[in-house]
1. Residues of the range 16-68 being in a loop (DSSP other than H, G, I, E, B), closer than 24 Å to LYS4 by Cα and β-branched (Val, Ile, Thr), which ones?
2. One residue is enough: does the range 23-31 have a residue meeting the conditions open to solvent by less than 40 Å² (accessible area, probe 1.4 Å) and out of contact with any Cys (no Cβ under 8 Å at 6 or more places or on another chain)?
3. Name the pairs: first residue in the range 37-66 and over 17 Å from LEU8 (Cβ atoms), second residue basic (Lys, Arg) and surrounded by 15 or more Cβ atoms within 10 Å (Cβ to Cβ), Cβ to Cβ under 7 Å, at least 6 apart or on different chains?
4. Scan the range 1-32 for residues that are under 19 Å from LEU47 (Cβ atoms) and hydroxyl-bearing (Ser, Thr, Tyr) and report the count.
5. Could you please tell me which pairs satisfy a Cβ distance under 6 Å, a separation of 6+ or placement on different chains, a first residue in the range 1-14 that is surrounded by 11 or more Cβ atoms within 10 Å (Cβ to Cβ), and a second residue that is small (Gly, Ala, Ser)?
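The values are calculated or read from the model by the stated rules, or taken from the named source; none is laboratory data. On a predicted model such as this, the values are computed, not experimentally measured, just so you know. All Cβ positions, glycine included, derive from the backbone under ideal geometry; neighbour counts span all protein chains shown. All accessible areas refer to the heavy atoms of the entire protein, side chains included, with ligands and DNA or RNA removed. Shrake-Rupley method; radii C 1.70, N 1.55, O 1.52, S 1.80 Å.
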Amino acid sequence: MIIKFFLLLLLAMVLISLFRALFQLVRGQTHLPASHYLGRRVIFSVLLVALLLLAMLSGLLTINPSPF
């Protein structure tokens with residue numbers, strides 16, 4: 001259950017970083033460039049995929065073998 005919480009937390013961080021970069025691009029007058037937030041989004045995405053793969057390989061998350 002805690003793995004799912006961390007997955008949702010990382011997904012929320014990805015979305016927050018994406019929207020912060022959007023607002024940065026729209027305003028364009030703050031001290032941090034939009035690439036700073038987009039870089040964070042990439043890092044959070046990589047962590048999300050790595051945690052998802054580790055959870056699947058360790059057996060904490062099970063995948064659906066047949067989608068039907």
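1. In the first step, residues of the range 16-68 are kept if they are in a loop (DSSP other than H, G, I, E, B); the result is 28-33, 59-68.
Then drop every residue that is not closer than 24 Å to LYS4 by Cα, which leaves 59-68.
Within the range 16-68, THR62, ILE63 qualify.
2. If we filter the range 23-31 for residues that are open to solvent by less than 40 Å² (accessible area, probe 1.4 Å), which is where we start, we get 24.
Pick out the ones that are also out of contact with any Cys (no Cβ under 8 Å at 6 or more places or on another chain) and you get 24.
There is at least one residue in the range 23-31 that is open to solvent by less than 40 Å² (accessible area, probe 1.4 Å) and out of contact with any Cys (no Cβ under 8 Å at 6 or more places or on another chain).
3. Between residues of the range 37-66 that are over 17 Å from LEU8 (Cβ atoms) and residues that are basic (Lys, Arg) and surrounded by 15 or more Cβ atoms within 10 Å (Cβ to Cβ), the close pairs are TYR37/ARG20.
4. Of the residues in the range 1-32, 1 are under 19 Å from LEU47 (Cβ atoms) and hydroxyl-bearing (Ser, Thr, Tyr).
5. Filtered contacts from the range 1-14: ILE3/ALA55; VAL14/SER45.
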